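The values are calculated or read from the model by the stated rules, or taken from the named source; none is laboratory data. Since this is a predicted model, take the numbers as computed values, not measurements. Reconstructed Cβ throughout: ideal geometry from the backbone, glycine too, with neighbour counts over all protein chains shown. Side chains are part of the model used for accessible areas, which takes the heavy atoms of the whole protein and leaves out ligands, DNA and RNA. Shrake-Rupley method; radii C 1.70, N 1.55, O 1.52, S 1.80 Å.
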Amino acid sequence: MRFSFIIFFFVFLLYNSLYSQDNFKEKKFRDVSIEELQMDSCDFYSGADAMVLFNVANLYIDYENVKGVVYHLYVHKRIKIFSNSGKSFASGKIKFIKSKAKRFSDNIRKFKAYTYNLVEGKVEETKIGKKDKFINDISDYSAEMSFAMPNVQKGSVIDLKYEIISTNIGNLKTWFFQDVIPVKISKISYRFPNFLKYKINTYGNFYSLKSKKDYHTLNINNHTFDAYGKEISMSNILPLEKEKYMGSLLGSLSRLEFNLEYIDPYYGFKYNNSTYEKMNKNLLGDSMFGGRMKKGGFAKVWEKELKGKSQIEKAEFILKKIQNNTAWNNIFSIYSGVSGKKLMKKGEGNTGEINWALISALKYFDIETYPVIIKRKKYGIPNPAFCNIFDYDYLVALVVIDNKEYFCDATSDFPFGIIREQCINDKGFVVDENYRWIDMTKNADFKQSAIYTFKIKGNYIFSDILVQLKQYAAFEAYGKYNNEKLKNELKKQFSDYEIEKIEFDTINNSDIFKYSISLKKEIEDDEIIVLEPFIKPYFDINPFKKEERISNVDFKYNITLNYMFNLELPDGYTIELPSNVRIENEDKTLKYQYMATNGGDKVVVMMKYKSAKTVFSPQEYTVLKTFFEKMTTTNKQVVLLKKLK
Amino acid sequence: MIAYRHKIFIFVFAFIFTFCINYLPGQTIFEDIPDSLLRSSHLIVLNEQYDFTIINDIKTRKDYKKDYLVLKKSDFTLDYLYIIFDKYTKIKKAKVEIYNKNNKRIKKINLSKFKKRLFVDNGTVSGDAGMRYVEIPDITPPYKIIFSYTVFKKGNTAFFPVWQPVNKEYESVISSRLRVFDNTKNNLRYKSINISSPQISKEKNTTIYEWEIKNFKYIKFEPFNDRTEDYFPMVLLAPNNFILEDYKSEMTNWESIGRFINKLNAKRNNFTEEQKKEIRNLISNDDDIYDKVKKIYNFLQQNTRYVSIQLGIGGWQPFESRYVHEKKYGDCKALTFYTKSMLAILGIKSYYTLVEAGKNTRDIAVDFPSLRFNHAILCVPISQDTVWLECTSGIAPFGYSGSFTDDRNVLVVDNSGGKLVKTHSYNSRENIKTVNIDIFPEFTTGNAAIHINTFLTGLAIEDNDFFSLAYQNKKNQRKWLLNILNLDNYNIKNFNIIPVSGDIIPKGHYDVDLYVKKIFLKAGTDYLFKPYVFNQTGFEPLVESKRISDIIIKRSFILEDTISITVPDNISLKKNVNYELNSEFGTYKISSFQHDNSIIFIRKVELIKGVYPPSKYEKFKTFINTILKKDNHKFFFTSG
């Protein structure tokens, strides 16, 4: 009896022990079991192409002789591949700080990785080779190490580990629990001495979040310090799926962020850039940043051409001149080490070099201009409470003319006031004596107005449509127009009619785009004529099909739509008008109005949509879905003409 | 005698002159380009020179230079320029120069600065095949690129180049020239398509062939024809004798190519006695040939895994059958040969077959024997029929290869060599999508409960990749349904996806229960409904008035719909419809009627495969546009 109970007990333990959060013990590196190789699906998320079996990290502060105080991050990760489509998860990237001064560079050490396959019942190991890893520069001070595992097959298990040693203690890497594939267990243990005060926050959704172990001491350089720390884990973490209107992936994943709040001065060492005030001061004093403001003299050659122009015309001219003579080399930076003259001669540069030429040239001609540093959308939103200079690797110009603020970017053929989509992200930091945050979405307007004029003549319905696009709507349309894509899209949109004419009215590099379309359609049944006032409007179908949403909804722009339909009532017909609708969300950031009126011999239907912000949280999703449902069904309404008997 | 001071003057003048030449105001990269080409081209090739030298029996050389202007960026604009190398091909030199619109050179990269990427072969980085490449920075067009390189190829003369100076829409060419220098005795075959025959000259022991095109104006593809050889000039080149993988052979006819394949495959069928026993145990003696082949195919599908190694790069020889049986994987050559070997153990004859596979691939040039194939399948003659086996798919129904290899000439390799055979062309009865819909409307809201039953026959199982859907989890299946149903504002209550049947003309089926909002549009006191939008043709309206190329309907198909709406006593259809359109291209039929509380809508669309001359365009245009118009037909439901 007792014996069988003991057996039962052990079997029970064994059954639960493969990976359970409570009993989880990190498996030894390169100790991959046959069970792991035989696993053929994820037990908590069916249909997964791959999953992370465990992802374990150890983060603590240490001291090295030459470098000084460093942080030490040790990572051990094991990935399982279930299908051929999952093979792409056997490669990865590790982003790190790469400085010209080696002391300030992050150091990736002891990177070891192996692929395991089950071959004829035996575990076969393949080591990653030198050719399977390479390093790409991202910006002046960041790079990423990419690796691709060899011999990956359906069923493979990848085991990898590495260490990062870094002096950038103010830039501790965010620990991501969640991924785009399911994660069985993700655990991080961190330990910091009391003299380094970090604020530690979790973001995103929680999945069985457990906080175990409290650490109270830390041994650094043979001294024991009072310390604080925890072991935090999440388990059975669902993958973040790709959705429509998704903004930043990294900004949506469950994660742990570390921000250095305070260093006890007793220990006598300083850390720069720990506050925005300090960062601002340092940048202003940096010869490759603030020092560039007065270097606009190279633009003097344009003085003659600029004579007599208004401020805005001058700014547009300078922007175009720099755009036409430089090409962006895909490197990100906020700094410039080259003169404007050299840059124009070379013909290419990074974001810092090109936009510093722009900013300094604008200032040279007395146009009020400020440098704005930006955290790109893909990396999430900036943290106003904690300053980390490495977050900002893009620079744009803020131009103020007649009390209006414009953002400008010379790295590509953007019209005046239009910038890259990755920069329209939450807030940017204006570097200036009076530094401040600025809403990067404030000018992100997408405006579409259309007038549909309908006429019934003889046996035909005639329609003349005038469309005017402004700001980002114009910019996107112009891009499509250049590829013949726009014409094809319009043909599809109006496929129900015979298109007689499409005319485009475009001015190169401007923020207005107009076009007109003439349509006609034969009347099938003149007893009842059905007219759709707005033929396939911008929000044609409801993009929100799912019941729930984990990530933010990011429309990228503040969208304004203004449509008007008018029809001269033909003789011998009565009109049946569609219903009026008016909807608004609680904080009035979404407004929609649909109104149909019949004034004597003219029918007018008007539709207005306006969104006053670009990002909506998952909590607002249900309201958003219902709003769009109401809007898309209302837009489908028709105007009926019934023949009088 | 020129005086010293005069010499200085001349020198200074010459210096200033040459200095000024480089900075002439107004010089751009557009000089001398006719306006007609500039207007809508996305890209203009200013000058292209392709020199292909057959040095001797084992060595060839390519010298290439291309000057081109990018005027507009499109989806096809290259982000990078590349040269492929492998164990036979070595890159000798290469250079890329980029000029901005003022004709100022902004970038120059020599071969040593080219980046390198190795091809990953089944997860293993292969040491000797990859590419050297240069990334093009994000410059605003217009800009000019000059790309030149020289490669040497040794030990592989089976693949001579195909020259296509232009093969995309909106690309114009000012001048492009191909020259072939043949130092061997008459080892060149060629075929000129949409271009005049070459100029042939002789220089000592070298025969020189020259083709040239000048001032080629960009082309815009016409709908219902994506055959590039209808539009573009092309030259096919092939040797008569060649070497590959230490094998010497001839390529003068299909038979000799087949013999070469036999040489490559010889002695690769080397099962051990135990393996042979295992294979014999898979079938029983009572089985007829058909069942035996089916069982072997099933065994192949269950026990092996396809691994992608491109034909040509991984070598042309299939793995030994013993190896495939042990390792349980192989590429298309290995798996096909393995299946052939297994059938041979059972005394069943089958033939290794080479094919140029792909849904929209052009057929091979039957009068130009070459090794231009990218896939291998197995041809199994059973009684009077031929069964084609796709050996790389774990889920393909037996004998079905679908649009991947249908209706084209393939090289069947038998004991005496090779011969061309045409694979099955699916007729309209073998490509049917039937949709049966039951709708239960709530006229007060305009909402409705809907039950959709879809049946797919033959090629139609490839519709939106339905084929593989049954093997995926419920979550992915639901996602698939959310994407393909042509409805708005609905939620899925229930669904069933039934795996495709295992026949040569397979059948598939799925059904869905939904609730849709506002599918009946209120129009005054009536309700508006469009019944013929559930089973779309996918056509786009034809708008052009002229037609240059042939009209091609690639594959026949049938769409059939039956929509049944259950209505309360007081609701009826205002007007019925009964319309039929017959033409040589196919037929279209819609009708409606009411029977008590059921209103029924019927639709049938049938298109017949064919190639029609441009003179038939007006008729074809009417046919397609009428279908699109009628598909949008609106019905009124009226109460009382």
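Worth a mention:
- Assessment of region B:479-491 against the conditions (at the interface with chain A (Cβ under 10 Å from one of its Cβ atoms), without any contact (Cβ under 8 Å) to a residue 24 or more places away in the chain, more than 18 Å from B:PHE636 (Cα to Cα) and open to solvent by 30 Å² or more (accessible area, probe 1.4 Å)) yields at least one matching residue.
- Counting the residues of region A:220-272 that are more than 31 Å from the chain's Cα centre (by Cα), of a type outside the set (Val, Ile, Thr) and at pLDDT 85 or above gives 5.
- Of all residues in region B:459-478, those satisfying the criterion of being open to solvent by less than 20 Å² (accessible area, probe 1.4 Å) and within 21 Å of B:LYS359 (Cβ to Cβ) are B:LEU459, B:ALA460, B:ILE461, B:PHE466, B:LEU469.
- Per the conditions (1) among the hydrophobic types (A, V, I, L, M, F, W, C); (2) facing another protein chain (nearest Cβ under 8 Å); (3) in contact with a Pro (Cβ under 8 Å, 6 or more places away or on another chain), the sole criterion not satisfied by A:VAL152 is (3).
- Among the conditions (1) out of contact with any Gly (no Cβ under 7 Å at 6 or more places or on another chain); (2) modelled with pLDDT of 95 or more, the only one that A:ILE438 does not satisfy is (1).
- Checklist (1) within 14 Å of another protein chain (Cβ to nearest Cβ); (2) without any contact (Cβ under 8 Å) to a residue 24 or more places away in the chain applied to A:ASP587, failing item: (1)
- Test: residue in region B:251-265 that is outside any loop (DSSP other than H, G, I, E, B), out of contact with any Leu (no Cβ under 9 Å at 6 or more places or on another chain), more than 17 Å from B:LEU411 (Cβ to Cβ) and in the same structural domain as B:SER416 (by TED's automatic domain parsing): no
- Residue within region B:609-620 that is among the hydrophobic types (A, V, I, L, M, F, W, C) and open to solvent by less than 30 Å² (accessible area, probe 1.4 Å) present: yes
- Restricted to region A:531-551, and to residues there that are crowded, with 17+ Cβ neighbours inside 10 Å and among the aliphatic types (A, V, I, L, M), the residue that is nearest to the other protein chains (Cβ to nearest Cβ) is A:LEU531.
- Residue in region A:483-501 that is surrounded by 17 or more Cβ atoms within 10 Å (Cβ to Cβ), closer than 29 Å to A:PHE616 by Cβ and not aliphatic (A, V, I, L, M) present: no
- Members of region B:415-446 found to be touching a helix residue (DSSP H, G or I) at 6+ places or on another chain (Cβ under 7 Å) and of a type in the set (D, E, K, R), listed by number: B:LYS419, B:GLU430, B:LYS433
- Meets criteria (closer than 16 Å to A:GLN471 by Cβ, of a type in the set (Ser, Thr, Tyr), more than 13 Å from chain B (Cβ to nearest Cβ) and touching a residue at least 40 places away in the same chain (Cβ under 8 Å)) for A:SER516: no
- Within region A:393-425, the set of residues being in contact (Cβ under 8 Å) with a residue 60 or more places away in the chain and either among the β-branched types (Val, Ile, Thr) or closer than 16 Å to A:GLU476 by Cα (or both) comprises A:VAL399, A:ILE401, A:THR411, A:SER412, A:ASP413, A:PHE414, A:PRO415, A:PHE416, A:GLY417, A:ILE418, A:GLU421, A:ILE424.
- The listed residues are B:THR457, B:THR423, and the only one of them that is free of Cβ contacts under 8 Å to residues at least 60 places away in the same chain, among the hydroxyl-bearing types (Ser, Thr, Tyr) and in contact with a strand residue (DSSP E or B) (Cβ under 6 Å, 6 or more places away or on another chain) turns out to be B:THR457.
- Of all residues in region B:74-106, those satisfying the criterion of being open to solvent by less than 80 Å² (accessible area, probe 1.4 Å), facing another protein chain (nearest Cβ under 9 Å) and over 19 Å from B:PRO165 (Cα atoms) are B:ILE98, B:ASN100, B:LYS101, B:ASN102, B:LYS104, B:ILE106.
- Failed item in (1) open to solvent by 20 Å² or more (accessible area, probe 1.4 Å); (2) farther than 28 Å from A:ASP43 by Cα, with A:SER142 passing the rest: (1)
- Matching residues, region B:514-532, being under 41 Å from the mean Cα position of the chain (by Cα) and at the interface with another protein chain (Cβ under 7 Å from one of its Cβ atoms): B:LYS517, B:LYS518
- Strands (runs of 3 or more DSSP E) contained entirely in region A:337-449, each with at least 3 residues that are open to solvent by 10 Å² or more (accessible area, probe 1.4 Å) and farther than 30 Å from A:LYS197 by Cβ: A:404-408
- Annotation: B:ASP246 fulfils all but one of (1) loosely packed, with under 15 Cβ neighbours inside 10 Å; (2) closer than 26 Å to B:SER401 by Cα; (3) out of contact with any helix residue (DSSP H, G or I) (no Cβ under 9 Å at 6 or more places or on another chain); (4) of a type in the set (Asp, Glu); the unmet one is (2).
The rows are residues; the columns are (1) under 26 Å from the mean Cα position of the chain (by Cα); (2) away from chain A (no Cβ under 14 Å).
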{"position": "B:LEU389", "(1), (2)": "yes, yes"}
{"position": "B:SER393", "(1), (2)": "yes, no"}
{"position": "B:TYR400", "(1), (2)": "yes, yes"}
{"position": "B:ASN409", "(1), (2)": "yes, yes"}
{"position": "B:ASP414", "(1), (2)": "no, yes"}
{"position": "B:ASN427", "(1), (2)": "yes, yes"}
{"position": "B:PHE443", "(1), (2)": "no, yes"}
{"position": "B:ALA449", "(1), (2)": "no, yes"}
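- Any hit, region B:627-637, residues being open to solvent by 40 Å² or more (accessible area, probe 1.4 Å) and modelled with pLDDT of 95 or more: no
- Looking across region B:603-637 at every residue that is among the β-branched types (Val, Ile, Thr) and assigned to a strand (DSSP E or B), the one that is farthest from the other protein chains (Cβ to nearest Cβ) is identified as B:VAL611.
Results for (1) over 28 Å from the mean Cα position of the chain (by Cα); (2) under 29 Å from B:LYS419 (Cα atoms), shown as yes or no for each residue.
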{"site": "B:THR252", "(1), (2)": "no, yes"}
{"site": "B:ILE261", "(1), (2)": "no, yes"}
{"site": "B:LYS267", "(1), (2)": "yes, yes"}
{"site": "B:ILE283", "(1), (2)": "yes, no"}
{"site": "B:ASP288", "(1), (2)": "yes, yes"}
{"site": "B:TRP316", "(1), (2)": "no, yes"}
{"site": "B:GLU320", "(1), (2)": "yes, yes"}
{"site": "B:GLY330", "(1), (2)": "no, yes"}
